[in-house]
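The values are calculated or read from the model by the stated rules, or taken from the named source; none is laboratory data. Keep in mind that this is a model prediction, so the values were computed, not measured. Cβ sites come from the backbone with ideal geometry, for glycine too, and all protein chains shown count toward neighbours. Calculation scope for accessible area: heavy atoms of the full protein, side chains included, ligands and nucleic acids excluded. Shrake-Rupley method; radii C 1.70, N 1.55, O 1.52, S 1.80 Å.
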Amino acid sequence: MTNQDKLVVVTGGSKGIGKAIVKMFAQEGFSIVSCARGEDSLQQLKREVESEFNSKIHVISCDLAKKEGVEDFIDFVKLLGKPIEVLVNNTGVFVPGQIHEEEQGVLERLMETNVYSAYHLSRGVIPLMKEAKRGYIFNICSTASIMAYENGGSYCITKFAMYGMSKVLRAELKEYGIKVSSLLPGATFTSSWDGVDLEEDRLMKPEDVADMVLATYRLSDRAVVEDILIRPQLGDL
């Protein structure tokens, strides 16, 4: 089976870390499927990938913060009829604030986007991986999954939860030949840092994170990297 016959599923693939991961696997010749909320950004992604690489990418606009959106994406993935080689749970949103001061509803909104989306999507595609007795799940967590910080608020709560879910999946799925890795990147140059007065080279590149995903995926079937912790060279921000 060639890489073109295998499907790599990446949520939130139209920008930032998700886009870098999409392009990394497209460069390796995999078929890609991705989703985001913005139709224009998805079509731009499709044009870029299919012009730069010899890979096919399928895109669909979905709001994964809503369970109906996750279900639409699962149906779309299944219709492609290809074995799922890799799932990257990347969809997420950052809202700064403190637990005792942030607006009502922030925790619920971030849980829906950052945790529930990955939970429901994983449940939807894992049966296909179990049937194939192989597959790889990368859960995009954060350094905020292991270290609370003052302005992290509900974001930190959701990233701790995502890290916990990833560990549970690892324990549940290892006997089925399915690998699960938690990716914990520090400050990375994405839209989350728009408007912040920082030099770009103070942050990691999204491609740094994508490189680690691909390198981890390439390990033999006998090995798995459970946690990937990667920070800017000059330390956290």
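Of (1) surrounded by 15 or more Cβ atoms within 10 Å (Cβ to Cβ); (2) in contact (Cβ under 8 Å) with a residue 60 or more places away in the chain, Ser182 satisfies all except one. Which?
The number of the failed condition is (2).
Within segment 25-44, is there a residue that is on the phi < 0 side of the Ramachandran plot and touching a Lys or Arg at 6+ places or on another chain (Cβ under 6 Å)? Full working, then the answer.
Kept after step one, since they are on the phi < 0 side of the Ramachandran plot, are these residues of segment 25-44: 25-28, 30-44.
Among the residues that remain, those that are also touching a Lys or Arg at 6+ places or on another chain (Cβ under 6 Å) are: 30-31.
Scanning segment 25-44, I find at least one residue that is on the phi < 0 side of the Ramachandran plot and touching a Lys or Arg at 6+ places or on another chain (Cβ under 6 Å), so the answer is yes.
Go through segment 7-45 residue by residue and tally those that are open to solvent by 10 Å² or more (accessible area, probe 1.4 Å), over 19 Å from Leu183 (Cβ atoms) and in contact with a Cys (Cβ under 9 Å, 6 or more places away or on another chain).
Matching residues across segment 7-45 total 1.
Gln4 - would you say it is open to solvent by 70 Å² or more (accessible area, probe 1.4 Å), closer than 21 Å to Glu207 by Cβ and either assigned to a helix (DSSP H, G or I) or in contact with a helix residue (DSSP H, G or I) (Cβ under 9 Å, 6 or more places away or on another chain) (or both)?
Against the criterion (open to solvent by 70 Å² or more (accessible area, probe 1.4 Å), closer than 21 Å to Glu207 by Cβ and either assigned to a helix (DSSP H, G or I) or in contact with a helix residue (DSSP H, G or I) (Cβ under 9 Å, 6 or more places away or on another chain) (or both)), Gln4 does not qualify.
Looking for whichever is in contact with a Ser or Thr (Cβ under 8 Å, 6 or more places away or on another chain) and outside any loop (DSSP other than H, G, I, E, B) here; the options are Ile99, Ile137. Which one fits? Outline the logic, then answer.
Numbers: Ile99 fails: outside any loop (DSSP other than H, G, I, E, B).
Only one candidate passes the filter, namely Ile137.
For segment 213-225, which residues satisfy the criterion of being closer than 15 Å to Val180 by Cβ and surrounded by 13 or more Cβ atoms within 10 Å (Cβ to Cβ)? Give the steps one after another, and end with the answer.
The initial filter retains those residues of segment 213-225 that are closer than 15 Å to Val180 by Cβ, namely 213, 216-217, 219, 221, 223-225.
Matches in segment 213-225: Val213, Thr216, Tyr217, Leu219, Val224, Val225.
Go through segment 47-60 and report how many residues are in a helix (DSSP H, G or I), open to solvent by 50 Å² or more (accessible area, probe 1.4 Å) and of a type outside the set (Ser, Thr, Tyr).
Initially, segment 47-60 is screened for residues in a helix (DSSP H, G or I), giving 47-52.
When the remaining residues are screened for being open to solvent by 50 Å² or more (accessible area, probe 1.4 Å), the result is 47, 50-52.
Narrowing further to those that are of a type outside the set (Ser, Thr, Tyr): 47, 50, 52.
The qualifying residues number 3.
Going residue by residue through segment 61-80, is there one that turns out to be of a type in the set (Asp, Glu), under 18 Å from the mean Cα position of the chain (by Cα) and part of a loop (DSSP other than H, G, I, E, B)?
Taking every residue of segment 61-80 in turn, at least one turns out to be of a type in the set (Asp, Glu), under 18 Å from the mean Cα position of the chain (by Cα) and part of a loop (DSSP other than H, G, I, E, B).
Since Gln104 meets every condition but one in (1) part of a helix (DSSP H, G or I); (2) over 18 Å from Phe160 (Cα atoms), which condition does it not meet?
In the conditions (1) part of a helix (DSSP H, G or I); (2) over 18 Å from Phe160 (Cα atoms), Gln104 misses (1) alone.
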